[in-house]
Amino acid sequence: MGRGDQIYVMRERMALQGVYEHHGIDCGDGTVIHYRKPSETIERTSMETFTRGGKIYICHHEVCYIAETVVMRAESRLGERKYNLLYNNCEHFATWCKTGTSYSTQSTNFIPIIKHLNPDALSDPIENAILDAKPKDSSILLNEALAEIKVAWNDIQPQYNQAVRDLNEWQRVAELALRKNREDLAREALYKKLNYKQKAIELKSHLDKLAQMTETLLKDAKVL
């Protein structure tokens, strides 16, 4: 690890409940230039501030600028406050300094994991990123987000329908057991019904949130 290296550490993803790579440029003097949270400003900080005690990794590129050029490029953007989760994040910045291309593997891979995230945690970051991006990029991100919301919907909807069928079936079993004076079986059936009812409620909540996200994104698209 040395001057001009693109380095990163693993951090907890606050709003999105996971782990992400936080990238920066090693200045070779114990400092790092990076998009600093929570100010979302490109700053030069100590290595300790950047790592927060985490292990440092080096991001390698087959073709890149020499060290002095990398650091000069990073310094040229000090004070910038144009952070965007999908369009201009810390990895975009560091990769641009190193190679001249603003690119983020994490951003490219982010949209497809929408279906694995809590919609509550997803809505604001995605919406804000799309609104802050350039019109051309916003259109692409919007279409990708809507496509993945559809994937999530298609994954959850069958589970919800099955949960509703199961709870109705256990209700029928409970009623049948009562007609046969088997209160023990009726109680067991009602217990299982309650489990499926709770599952159905949770899945319906996710569907409602996905629908709300879609409505919000389409509404915001009108102002892009």
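The values are calculated or read from the model by the stated rules, or taken from the named source; none is laboratory data. Values in this document were obtained by computation on a predicted structure and should not be read as measured data. When we count neighbours, we look across all protein chains shown, and the Cβ atoms used for this are built from the backbone with ideal geometry, even at glycine.
Some points to look at:
- Note on the stretch 76-100: residues that are of a type in the set (S, T, N, Q) and not in a loop (DSSP other than H, G, I, E, B) amount to 4.
- Of all residues in the stretch 54-83, those that are closer than 15 Å to Cys27 by Cα and in contact (Cβ under 8 Å) with a residue 24 or more places away in the chain have Cβ atoms under 6 Å from Cβ atoms of residues that are assigned to a helix (DSSP H, G or I) and basic (Lys, Arg), 6 or more apart or on another chain, in Val70/Lys98.
- Residues of the stretch 173-200 satisfying the condition of being surrounded by 15 or more Cβ atoms within 10 Å (Cβ to Cβ) and closer than 29 Å to Thr214 by Cβ: Tyr196, Lys197, Lys199, Ala200
- Options Tyr8, Tyr83; residue that is within 21 Å of the chain's Cα centre (by Cα), surrounded by 16 or more Cβ atoms within 10 Å (Cβ to Cβ) and at pLDDT below 95: Tyr83
- Of the residues in the stretch 29-44, at least one is surrounded by 14 or more Cβ atoms within 10 Å (Cβ to Cβ), within 29 Å of Ala145 (Cα to Cα) and at pLDDT below 90.
- Filter result (in contact (Cβ under 8 Å) with a residue 12 or more places away in the chain and either surrounded by 18 or more Cβ atoms within 10 Å (Cβ to Cβ) or within 36 Å of the chain's Cα centre (by Cα) (or both)) within the stretch 162-172: Ala163, Val164, Asp166, Leu167, Trp170
- Where Leu167 falls short, out of the listed (1) modelled with pLDDT under 80; (2) part of a helix (DSSP H, G or I): (1)
- Leu122 vs. criteria more than 25 Å from His61 (Cα to Cα), buried (at least 21 other Cβ atoms within 10 Å of the Cβ) and modelled with pLDDT under 60: yes
- Residue ID - modelled with the highest pLDDT, chosen from residues in the stretch 174-224 that are within 43 Å of the chain's Cα centre (by Cα) and outside any helix (DSSP H, G or I): Lys222
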